[in-house]
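The values are calculated or read from the model by the stated rules, or taken from the named source; none is laboratory data. In this text, all values refer to a predicted model and were calculated from it rather than measured experimentally. When we count neighbours, we look across all protein chains shown, and the Cβ atoms used for this are built from the backbone with ideal geometry, even at glycine. Heavy atoms of the whole protein, side chains included, go into the accessibility calculation; ligands, DNA and RNA do not. Shrake-Rupley method; radii C 1.70, N 1.55, O 1.52, S 1.80 Å.
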Amino acid sequence: MKRQLILIMTDTQRYDMVNCYRETGLSTPNIDRLAADGVRYKRAYTAQPVCGPARACLFTGLYPACSGSWGNGMALGDNVKTIGQRLRDHGITCAYIGKWHLDGTDYFGNGICPDGWEEDYWYDMRRYLEELSVEERMKSRVFQTMDFETVPDDFTYGSRVAAKALSFLKQHREEDYFLVVSFDEPHFPFLCPPPYDRMYRDYEFPKSPAVYDTLDGKPGYQKIWAAEAPKPDRDGLTIKNPYFFGCNSYVDELIGRITTHIPEEAMILYTSDHGDLLDSHSLFAKGPAAYDDVTRIPFIIRNPQGVRGGVYERQPVSHISVCPTVMEYFGLPIPKLFPGTSLLETSRDLCAPAAPYVFMEFARFEQDHDHYGGFQLMKAVTDERYKLSVNLLSEDEFYDLKEDPYECCNLIWDERYLKERNRLHDALLDRMCQDRDPFRGYYWENRPWRKDVPAPSWRYRGYTRQREHEEYEPRQLDFFNGLVMNHPQRLKRSGGKLDGFETLDQLLNWMRVYDQDS
């Protein structure tokens, strides 16, 4: 049986900008049809609500902090392998068509096809711009172009991405393959042809209770963020962005062009990189916040051997599970390096368990011009009911999503929630240690509201972790004995003088076995 998997993604599409998640008056019939033919995941989250780091998670299987790409304009580490490389090395054809944002250059990319992906189909935004004249390039970067002239469908980046995807599907219909179709739409500059450019001229996106959050009791950095574009009259506020919403429906139409040509026996995975705050919590755009408005994304799996028209709501899920799901779909072992678990079984059984926690993070928006507050470290965790956000340089947040689904009331100091708050905190700290997170340290543990943790220690939790990247490198050696490690995560020991051994053989024997207790 052929194994064919198509991952379709959009950019800056909140979960509730898709009709099958919330009826708002926005039209997305093709994505809705995909949900009706597969499994819609009720609560799905990005790993980081910024374009580049979100993609780093999606296409490496690692959290952004561990991949090297923890801000826009920051390239992946040279020993980090993409899912394209991993599958290609098992003989599977891989093509990536559309926005990449992982080569460490500017927003558009460098035009160079990275290792693991088919050169003939590589089409990042730089390749698109290089097809245009100087005047066309400038027109392509401002939505005001639509105020003066009609934008032809075949002028848009999305249309050309869709055309290349259709060509790939036709040429490779008899092969195993993994195809990524990565639309920039509905991200700025929102270019779209008729009728989408006029469809939402008089439309207002319905306000949720989150729009009325005035940030009382919220972190100070969020108040500074809100002050950048203050809108104090929440009652009089209208959420109008006709080109953004028009482009949202346009990209749905582009997705429909592709899905109608995908074989029934192929698997489709659809998602977006992150959302947009749209004035929720008095904030705009995206940045260092874990609110659902910006971190929760649409996520659908159409598995030909799976549930049709189902909704998975047992647990929240994460983009960190995409690479393990892809590996399992192709019958390949899931690398030990991956912190995520496959979701393939949940697409067949709506009662199957997912991971107990979903983790999110933030480090910086972009490297070259920090007009979004620069360096702002955040680590967040959520489960079926609660969400904790540790904002390292500011105040922290805790929400009861059952009682407060719009995250308006910060309960970080509420002692009624001490047990659940600390449970999520412990899970977050453990995850950082397990993942070899380069930002880990005692300052994440010793928060002012956490009274039961040890005093700060220079050695912190006393654990070390080495990489298990054995598909591409030899098993790593232990620093203190030079031998092949038994356990990647174990207690550290001092490198100083060791006493209490009567013979050299005793010392060497201890060194051989000391790391067996992980």
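Each stretch of four or more DSSP H residues adds -39500 (n - 2.57); spread over every residue of the chain, this sum gives -7000 deg cm²/dmol at 222 nm.
Restricted to Cα atoms, region 244-289 shows a radius of gyration and a Dmax of 15.1, 45 angstrom. Any idea what angle helix 504-513 forms with the longest principal axis of the chain, computed on alpha-carbon atoms, 0 to 90 degrees, nearest 10? Once rounded, the angle reads 30 degrees.
Packing here is the average count of other Cβ atoms within 10 Å per residue, and on that basis the peptides 213-219, 414-420, 93-99, highest first, run 93-99, 213-219, 414-420.
Looking at the chain alone, DSSP beta bridges between its own residues are antiparallel in about 50 percent of cases. Full-extension gain between W449 and W510, please, as 0.36 nm times their residue separation minus the C-alpha to C-alpha distance. Here the answer is 17.9 nm. Extension gain, K492-E265: 0.36 nm per intervening residue step, less the Cα-Cα distance, totals 76.7 nm. If you bin all the Cα-Cα distances of the chain at 20 Å, starting from zero, the percentages per bin are 22, 55, 21, 3, 0.
Computing FRET efficiency as 1/(1 + (r/R0)^6) for L418 and K336, where r is the C-beta to C-beta distance and R0 is 41 Å, gives about 0.70. Sorting 339-346, 421-428 by their mean Cβ neighbour count within 10 Å, with the most densely packed peptide first, gives 339-346, 421-428.
Close lysine pairs were tallied over region 364-508: pairs 8 or more places apart or on different chains with Cα atoms under 17 Å apart number 5. The modelled label-to-label distance between D154 and E384, using points 7 Å beyond Cα along the C-beta direction, is 5.4 nm. What does the charge add up to near R86, with Lys and Arg as +1, Asp and Glu as -1, over the other residues with Cβ less than 12 Å from its Cβ? Taking every other residue near R86 into account, the sum is -1.
Against the main long axis of the alpha-carbon atoms of the chain, helix 242-259 sits at an angle near 80°.
Given R0 = 51 Å, the distance between the Cβ atoms of E313 and R137 translates into a calculated FRET efficiency of 0.70. Stretching the chain fully between R234 and C433 yields a gain of 67.5 nm (0.36 nm per residue, less the alpha carbon separation). In the chain, taking the dipole from charged Cβ atoms about the Cα centre, the farthest positive-side position among M1, F284, V161 is held by M1.
Given 20 °C and 1.002 mPa s, how large is the Stokes-Einstein diffusion coefficient of region 322-480 in µm²/s, with Rh as the Kirkwood radius over Cα pairs? The Stokes-Einstein estimate is 118 µm²/s.
Backbone N atoms of region 1-43 closer than 17 Å to the 7 Å Cα→Cβ label point of L350 belong to residues 20-22, 32-43. Here region 281-331 and region 38-107 have alpha carbon centers that stand 14 Å from each other. Over region 106-239, with every protein chain in place, what whole percent of the accessible area is carbon and sulfur at 1.4 Å, could you tell me? With neighbouring chains kept in place, the figure for region 106-239 is 52 percent. Among the GluC sites (Glu not before Pro) in region 179-266, those placed in a DSSP loop whose Cβ has at most 11 other Cβ atoms within 10 Å are E264, E265. For K170 and H90, what is the calculated FRET efficiency with R₀ set at 30 Å and r taken between the beta-carbons, to the nearest 0.05? So, using R0 = 30 Å, E works out to roughly 0.80. For the peptides 307-314, 53-60, residues were scored by their other Cβ atoms within 10 Å and the scores averaged per peptide; the highest-first order is 53-60, 307-314. Computed from Cα atoms, the angle from the helix 51-60 axis to the main principal axis of the chain rounds to 60 degrees.
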